[in-house]
């Protein structure tokens, strides 16, 4: 069921809804999953999708599996379309405007679930946006998959102070793995990094592996949530 006219909170009877909220460029489309009408989730993860100009949306299969894996761990998830994608207003803004979109979603979460821990995740372009946003809001854990180091200057980013997991396929045909390795080597605070042998950018034939890796790596942190 679609609840596009409910911008102020989640339907008390629904656990998975599609909703619109007000963002900096107009409406933002969100997909909220794993919420219970009876209690607040033990944590919420906001997930950022890949590049809008290259077909990236909140229904991207890697983003879908990322969110699904987190729900397997008992977390609620919110995927959303950046400006100009799907039913989100506006047009592409070179990651700057998309960071503002992310912050608007986070602010919505904090307004409606102020005492719930917030995790942040992103794939490719979405990983860059997540890294731009993580220092601007209180985030408890960051997950980045195949960060788009080939497209943007990551050296200007403020490094996250929260625990940070990075997953990178070593057969990535879009994001050069060597550039990711080089970038990580130069960081003062390095993420926990998992390199996956033979895995390409879009995890073709490897989505189940991605799910297994995420659940195993994040399981202990999820168990510590109350």
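Observations
- Hey, residue 19 part of a loop (DSSP other than H, G, I, E, B), in contact with a strand residue (DSSP E or B) (Cβ under 8 Å, 6 or more places away or on another chain) and either crowded, with 20+ Cβ neighbours inside 10 Å or at pLDDT 95 or above (or both) or not: no
- When the stretch 152-207 is filtered for residues that are in contact (Cβ under 8 Å) with a residue 60 or more places away in the chain and in a loop (DSSP other than H, G, I, E, B), the ones remaining, listed by number, are 201, 202, 203.
- Annotation note: of 83, 68, the sole residue that is modelled with pLDDT of 95 or more and either in a strand (DSSP E or B) or closer than 22 Å to residue 36 by Cβ (or both) is 68.
- On inspection, residue 110 passes the criterion of being on the phi < 0 side of the Ramachandran plot, out of contact with any helix residue (DSSP H, G or I) (no Cβ under 8 Å at 6 or more places or on another chain) and either surrounded by fewer than 20 Cβ atoms within 10 Å (Cβ to Cβ) or not in a helix (DSSP H, G or I) (or both).
- Verdict on residue 55 being at positive phi, surrounded by 15 or more Cβ atoms within 10 Å (Cβ to Cβ) and modelled with pLDDT of 65 or more: no
- Residue within the stretch 119-132 that is outside any helix (DSSP H, G or I) and exposed (fewer than 14 other Cβ atoms within 10 Å of the Cβ) present: no
The values are calculated or read from the model by the stated rules, or taken from the named source; none is laboratory data. On a predicted model such as this, the values are computed, not experimentally measured, just so you know. Cβ: placed from backbone, ideal geometry, glycine included. Neighbour counts: every protein chain shown.
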